[in-house]
Each structure stands twice: as C-alpha cells, then as structure tokens.
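Reviewing the structure listed below.
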Amino acid sequence: MNRRDVLLGAAALAGCASMNETSSRPIVIAHRGASAYRPEHTLAGYQLALEQGADFIEPDLVMTKDHVLVCRHENEISGTTNVADHPEFAERRKAKTVDGVEALGWWVEDFTLAELKTLRARERIPQLRPGNTEYNDQFEIPTFAEALALAQQRGKGIYPELKHPTFLREQGLDPVPAFIGAVREGGGQAAADIMYVQCFEIGALRVLAQMSSIRWQCVQLASVDGGPWDQRDTPYAAMLAGDGLRRIAEYARGIGVEKPLIIPRDAANNLTAPTDLVARAHAAGLVVHPWTFRPENFFLPASLRVGATSAQETLRLHGNLEAELRAFYAAGVDGVFSDDPAAAVAAR
C-alpha cells in the first residue's frame with residue numbers, strides 16, 4: 001500500500017470515530033493544546049483540548065541534553081517556564097543563534113530531563129491571556145512519550161512538529177532517531193497511523209518518508225515568507241508554486257500553511273477572496289491544514305473583532321473566531337490548527 005494512500009486512522013484504533021471521519025470533514029488540531037485557556041504544551045492543556053472535542057493534539061518537540069524529546073514551542077524556555085526563578089540554573093543563561101535568529105535565555109538542550117522536570121510551565125503571552133496566568137507554575141514540561149500516551153488513552157490522534165532538526169544535529173542531538181524510537185515504543189505503526197508529523201525543514205521529513213519499517217504521514221510546513229533552514233536557497237513561495245506541490249507530494253501527505261496563503265487579508269485587515277492553493281494542493285494529492293486560529297481580537301480580522309480595537313484590554317477579548325473558521329472550511333481546507341478547539345469544533 002502506498003504511504004499516501006493510508007487513510008488516517010483506518011483500523012488503527014478500534015472505535016476511534018473521529019479518525020475515520022476525517023476523509024469527509026475537516027479535522028480539528030489543538031494547537032499546542034487548548035492554548036487559549038491553559039499554558040501551552042502542558043498535559044492539562046492537551047487534556048482540555050481533547051475534552052473540547054479536538055481530533056488531534058499538537059506537541060512541538062525539542063530535545064534535552066540526554067536525548068529525550070519534550071514538548072515546548074521553542075528550545076529557548078525563559079518565556080514559557082519559571083527557569084529564571086531557579087538560581088541553580090542561573091549560569092546556564094546564554095546567547096545562541098538558532099536558524100539565523102539570536103536570543104538570550106535558557107535552552108532545553110542544556111538540561112537533562114530530570115532537571116527540566118523541576119521547572120513549571122508559564123503562560124507565553126500573558127498580556128493577551130491574563131486568565132492563563134492563574135495556572136502558572138502548576139504543570140510540568142511533558143515528554144513526547146507522555147503526550148502520545150495521553151492521546152492514545154483518549155483514542156485521539158497526535159500531530160507532533162520536529163523543531164529545528166538541523167540546529168539540534170549541529171549540537172550533537174538528532175531528533176529524528178529519538179522520534180522514531182519513541183513512536184516504536186508507543187505502538188509502532190498503530191501509533192503512526194493516527195499521527196501526522198510536521199516540520200518546516202525538508203530533510204527530516206524525507207528521512208521519515210524513505211523509511212520502510214513505518215509509514216509516516218508527513219506534513220510540510222510553510223509560511224508566507226522565508227524558506228526551510230536546511231534548503232535556504234528555496235523559498236516557501238517557490239515550493240508552493242508550479243510543480244512544487246507535486247514535489248512535496250513525493251514525501252508528504254499534506255501541507256500546513258500560514259493562513260494568508262489560503263485567504264489573504266487586505267490593507268484594512270479583513271479577509272479577501274481565497275487563493276487557489278487548496279485546489280492545487282488537492283490536485284497534487286495533498287491535504288491542507290492552515291495555522292493558526294486564535295480567538296482574541298488581536299489576531300482576528302478587523303470585521304470580526306468585538307468592541308473597540310485599540311485598547312489593550314479590548315484586544316484580549318474573544319471575537320468572532322467561528323466566522324473566520326467557517327470561511328476557511330468553506331474554502332475547502334482539510335483541517336485547522338486552533339488555540340480554541342471548542343470554537344473550531346462548533347464552527348465545523
């Protein structure tokens with residue numbers, strides 16, 4: 001059976017209705033968990049997302065000093081943990097350049113898993129999500145294995161992203177073998193059948209696609225600007241144009257793209273007519289999963305905001321996210337990444 005012909009979840013998990021329905025309706029992917037309601041990348045956030053009806057939870061994966069994959073959006077953790085409050089780790093604060101961007105902070109690859117487990121998660125954008133700060137310092141940093149086990153216990157899918165694989169390899173840490181090993185330990189092909197694996201880079205996805213022992217459903221991520229760090233001479237715009245989509249289909253099951261690539265916004269920050277990207281991707285045999293749908297006014301088109309749009313407290317309010325989601329569903333997308341899974345389920 002061709003890898004791209006494997007239906008998501010078919011016979012992989014008995015009784016898993018949401019998996020078997022994905023061929024006829026869009027899937028809801030909990031972006032870093034129920035991030036609009038709990039600090040991102042915590043088991044509590046993933047659990048809430050599943051309670052809200054998400055079909056998949058999405059953990060971003062970075063790697064510890066002792067080669068364990070853990071769930072953080074970035075390998076720099078000063079903004080999402082209480083590491084600054086731990087004097088025993090003060091000397092580990094340093095500047096690094098990751099994918100061309102320099103930052104000063106604390107880095108996952110400089111900690112063992114045991115050390116990371118002494119830290120607690122914090123809200124990443126407290127200025128927009130002050131309610132989430134009530135949960136600061138309550139939750140551990142989960143491992144990928146723990147997130148996978150949670151999804152399996154609930155009979156749902158998981159949608160991990162491999163973060164910065166080239167950078168990590170340069171540090172002597174290769175996330176791909178660790179990822180393969182974790183999936184094998186977590187169920188092997190049965191686990192992979194209810195999983196998408198995504199990356200902004202190309203090489204890691206090609207390695208997975210070329211494996212014969214496990215069939216992977218890979219998703220090539222792409223943003224409006226820039227390009228994959230491991231092929232810096234190839235912008236994402238070129239990958240999505242012309243025959244680029246058919247080349248992606250050689251190793252991937254789908255594309256995960258920034259929202260304006262499907263429905264742009266005009267100068268007034270309102271939605272315009274959809275592009276032809278969804279139709280072209282479908283013609284190439286690819287599913288399309290746009291990112292990221294967030295409920296706060298700050299992130300919404302101007303016409304879908306609630307109240308005034310200037311005051312900081314107003315930008316925190318939840319606007320009409322469901323209307324934005326319905327526009328993308330109508331454009332034919334196959335799934336959405338949402339910080340508010342409940343809204344995505346309701347709009348669907």
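The values are calculated or read from the model by the stated rules, or taken from the named source; none is laboratory data. Predicted model, so just to flag it, every value in this text is computed and none were measured. Quick reminder, even Gly has a Cβ in these numbers, built from the backbone with ideal geometry, and neighbours come from all protein chains shown.
Points worth noting:
- Scanning the stretch 232-246 for residues that are surrounded by 13 or more Cβ atoms within 10 Å (Cβ to Cβ) and of a type outside the set (A, V, I, L, M, F, W, C) yields Thr234, Pro235, Tyr236, Gly244, Arg246.
- Number of the exception - Ala249 against (1) at pLDDT 95 or above; (2) among the aliphatic types (A, V, I, L, M); (3) touching a strand residue (DSSP E or B) at 6+ places or on another chain (Cβ under 7 Å): (3)
- Qualifying residue in the stretch 271-292 (condition: farther than 15 Å from Gly335 by Cβ, among the hydrophobic types (A, V, I, L, M, F, W, C), part of a loop (DSSP other than H, G, I, E, B) and touching a residue at least 60 places away in the same chain (Cβ under 8 Å)): no
Here's the yes/no breakdown for (1) under 21 Å from the mean Cα position of the chain (by Cα); (2) surrounded by fewer than 20 Cβ atoms within 10 Å (Cβ to Cβ); (3) closer than 17 Å to Lys259 by Cβ:
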site	(1), (2), (3)
Thr292	yes, yes, yes
Ser303	no, yes, yes
Val306	no, yes, no
Ala311	no, yes, no
Glu324	yes, no, yes
Val333	yes, no, yes
Ser338	yes, no, yes
Ala344	yes, no, yes
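- Within the stretch 188-216, no residue that is under 14 Å from Pro165 (Cβ atoms) and among the basic types (Lys, Arg) sits with its Cβ atom under 8 Å from a residue that is in a helix (DSSP H, G or I) and at pLDDT 95 or above at 6+ positions apart or across chains.
- Candidate set from the stretch 93-125 (those that are over 24 Å from the mean Cα position of the chain (by Cα) and closer than 20 Å to His41 by Cβ); member that is surrounded by the fewest Cβ atoms within 10 Å (Cβ to Cβ): Ala114
- Residue match in the stretch 239-253 (condition: touching a residue at least 24 places away in the same chain (Cβ under 8 Å), over 18 Å from the mean Cα position of the chain (by Cα) and under 18 Å from Pro160 (Cα atoms)): yes
- Selection of the stretch 163-176 for residues being over 26 Å from Ala238 (Cβ atoms), over 20 Å from the mean Cα position of the chain (by Cα) and without any contact (Cβ under 8 Å) to a residue 40 or more places away in the chain yields only Gly172.
- Contacts under 6 angstrom Cβ, first residue in the stretch 131-151 being without any contact (Cβ under 8 Å) to a residue 60 or more places away in the chain, partner buried (at least 24 other Cβ atoms within 10 Å of the Cβ), 6 or more apart: Leu148/Ile158
- One residue stands out in the stretch 257-270 among those that are over 16 Å from Ala283 (Cα atoms), touching a residue at least 24 places away in the same chain (Cβ under 8 Å) and not polar (S, T, N, Q): the one that is surrounded by the most Cβ atoms within 10 Å (Cβ to Cβ), namely Val257.
- In the condition set (1) among the small types (Gly, Ala, Ser); (2) touching a strand residue (DSSP E or B) at 6+ places or on another chain (Cβ under 7 Å); (3) under 24 Å from Ile57 (Cβ atoms), Ala327 is compliant with all but (3).
- So Glu161, is it among the acidic types (Asp, Glu), in contact with a Lys or Arg (Cβ under 9 Å, 6 or more places away or on another chain) and buried (at least 16 other Cβ atoms within 10 Å of the Cβ): no
- Scanning the stretch 227-247 for residues that are part of a loop (DSSP other than H, G, I, E, B) and either touching a Pro at 6+ places or on another chain (Cβ under 7 Å) or under 19 Å from Gly285 (Cα atoms) (or both) yields a count of 6.
- Single residue of the stretch 226-238 satisfying the filter (touching a helix residue (DSSP H, G or I) at 6+ places or on another chain (Cβ under 7 Å) and without any contact (Cβ under 8 Å) to a residue 60 or more places away in the chain) that is nearest to Pro160 (Cα to Cα): Gly227
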